[in-house]
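Inspection log for the structure reproduced underneath, given as structure tokens.
Since every read-out is calculated from the coordinates, none of them should be taken as a lab result. What you see is a predicted model, and the numbers here were worked out from it, not measured in a lab. Every residue, glycine among them, receives a Cβ derived from its backbone with ideal geometry; neighbour counts consider all protein chains shown.
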Amino acid sequence: MQFFLYPVLIVLLLSGSTVFPADNQAASGRVTPLLPVEEQWEPNAVPDRIVLSWSDDPSTTMSVTWRTDDSVRQAIGEIAPAEGGPKFVSKKKTIGASSQSLETNLGLSLRHTVTFQGLEPQTEYLYRVGDGTNWSEWADFRTASSDAAPFSFVYFGDAQNDVKSHWSRVVRRAFRDAPKASFFLHAGDLINRSESDAEWGEWFYAAGFIHRSTPCVATPGNHEFGRIGNTDQRRLSIHWQPQFAFPQNGPDGLRETVYWFDFQGTRIVSLNSNYRIEEQVEWLDAVLTDNPNQWTVMTFHHPMYSASADRDNPHLRELWQPIIDKHHVDLVLQGHDHTYARSQLMTAEINLVTGVSHQDPNTGTVYVVSVSGPKMYKLGRRPFMRRAAEDTQLYQIIKIDGLQLTYEARTAVGELYDGFVLRKDEGTRRTLIEQMPGTRESRRPAGK
């Protein structure tokens with residue numbers, strides 16, 4: 001009878017194996033040492049950190065970037081129309097990639113980029129990347145429609161800290177709730193230390209396979225900028241350009257941080273709120289003037305209206321909000337404040353310095369500040385906020401279908417925290433319909 005009740009223990013005894021509970025290991029000095037950072041995140045000849053993005057038209061192109069060690073002598077991508085069986089490989093095409101070396105705090109690596117061009121709109125493809133011997137797996141993506149069509153995307157505020165341990169559950173929950181999202185949009189501060197190769201490794205680890213089939217759209221935050229030596233001058237992370245392939249249609253010196261692209265009837269615009277913000281005014285005005293799309297969504301890192309009065313950005317608001325109001329931008333997605341705050345439709349008033357605003361149910365722009373990582377700040381409740389939160393990790397699912405935009409903010413466990421529907425009428429008139437749940441706002445206890 002005892003033999004029947006304890007088969008696992010008997011097998012272990014017969015095999016000569018010994019089981020040490022975790023606390024006994026610690027007591028006996030058998031604690032496993034921490035694996036050195038260099039070994040955790042070092043590259044090899046097999047492609048890793050693979051991410052999709054767009055540097056050109058999403059309906060006919062797709063760009064892929066990845067990393068290897070410096071032993072790789074050539075980099076290529078293979079692509080074929082997706083099929084239900086394995087014979088798609090007979091139709092594959094091979095495309096050469098561009099490569100550049102990158103010396104980081106963990107040593108030398110190569111970063112590769114291939115752009116698949118001449119693709120058919122609204123078509124599913126399979127691709128892989130490698131050197132002809134060492135390959136990634138075959139992964140899939142779908143090109144955009146060349147016309148206006150329904151789609152969804154996910155928006156994240158700052159991931160920044162403890163990305164592997166804490167942000168990973170947020171991005172994976174978002175994928176579970178929106179598995180067919182057309183792209184994931186990141187409003188800056190993807191990591192904490194701009195030049196830390198290990199932190200970028202954690203960011204790619206956290207999303208796992210997701211960015212191999214769901215394109216990434218990102219704008220840089222202040223933590224993507226590092227100091228130059230011992231000076232007060234800052235520069236964009238050396239990782240940014242080699243590991244992403246964003247459109248290069250921005251002003252000189254700001255490309256791949258300031259850019260735009262059109263996706264199925266919506267213009268997506270990224271601005272760089274970290275520096276040279278004056279140079280972006282004329283560019284933004286031109287991009288929004290020549291905009292045939294029904295919807296316009298913008299993203300940048302520093303909030304136009306901060307979630308705390310002592311973190312206000314009046315100069316940014318003075319420069320950019322007149323252009324946003326002039327062109328009736330629908331939605332602005334931001335980060336930086338490590339809290340959640342969402343406005344109603346809002347336009348600027350004359351008193352820009354103090355951030356006084358005008359709210360109208362039928363005109364203006366919705367502004368959102370959100371956070372997806374575990375680093376949290378104190379909220380300063382302000383009149384413009386329709387819904388706010390402290391100490392809550394969130395992701396936002398945004399759906400656009402014809403003349404309607406649907407917005408949902410969900411917590412790290414998938415619970416609905418905020419929501420609204422924005423409907424377009426004739427001209428610039430629109431209607432915002434609140435769909436907040438009946439739950440109380442997530443706030444810190446008084447005095448905390």
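Some observations on this one:
- Selection from S145, N291, F261 lying farthest towards where the dipole of the chain points positive, charges on Cβ: S145
- Summing +1 for each Lys or Arg and -1 for each Asp or Glu among the other residues whose beta-carbon sits under 12 angstrom from that of A178 gives +4.
- Magnitude of the charge dipole, segment 44-142, Cβ model with Lys/Arg +1 and Asp/Glu -1, debye to 20: 180 debye
- With a simple spin-label model that places each label point 7 Å from the Cα along the Cα-to-Cβ direction, the separation between E39 and W135 comes to 3.1 nm.
- When you restrict to C-alpha pairs under 8 Å that are six or more residues apart and normalise by the size of segment 44-142, the relative contact order lands at 32 percent.
- Here the dipole of the chain is about 1060 debye; that uses its Cα centre as origin and unit charges on the Cβ of Lys and Arg (positive) and Asp and Glu (negative).
- Calculated [222 nm] ellipticity per residue, helices only, for the chain: -4500 deg cm²/dmol; basis is -39500 (n - 2.57) per DSSP H run with n ≥ 4, divided by all residues, nearest 500.
- Selection among N222, P374, P314 by position relative to the dipole of segment 151-434 gives P374 as farthest towards the positive end (Cβ unit charges, Cα centre).
- Bridgeable lysines around K399 (alpha carbons under 23 Å apart, same-chain partners fewer than 8 residues away excluded): K180, K424.
- Sum of side-chain charges, L271 neighbourhood, beta-carbon under 14 Å (Lys, Arg +1; Asp, Glu -1): -2
- Computed on the chain, with alpha-carbon pairs under 8 angstrom and 6+ residues apart, the relative contact order is 13 percent.
- Couplings 3J(HN,Hα) for segment 32-44, derived from phi with the Karplus relation 6.51 cos²θ - 1.76 cosθ + 1.60 (θ = phi - 60°), are 5, x, 5, 5, x, 4, 4, 6, 5, 10, 5, x, 9 Hz, where x marks Gly and Pro.
- Positive-end ranking of L102, I79, P58 along the dipole of segment 44-142, with charges on Cβ about the Cα centre, is headed by I79.
- Hz values of 3J(HN,Hα) by residue in segment 86-95 - Karplus curve (6.51, -1.76, 1.60), Gly and Pro given as x: x, 6, 4, 5, 5, 10, 5, 10, 10, 10
- Full extension of the chain segment joining R172 with D290 gains 38.8 nm, where the gain is 0.36 nm per residue of separation less the Cα-Cα distance.
- The calculated FRET efficiency for R443 paired with N362, based on their beta-carbon distance and R0 = 25 Å, is about 0.25.
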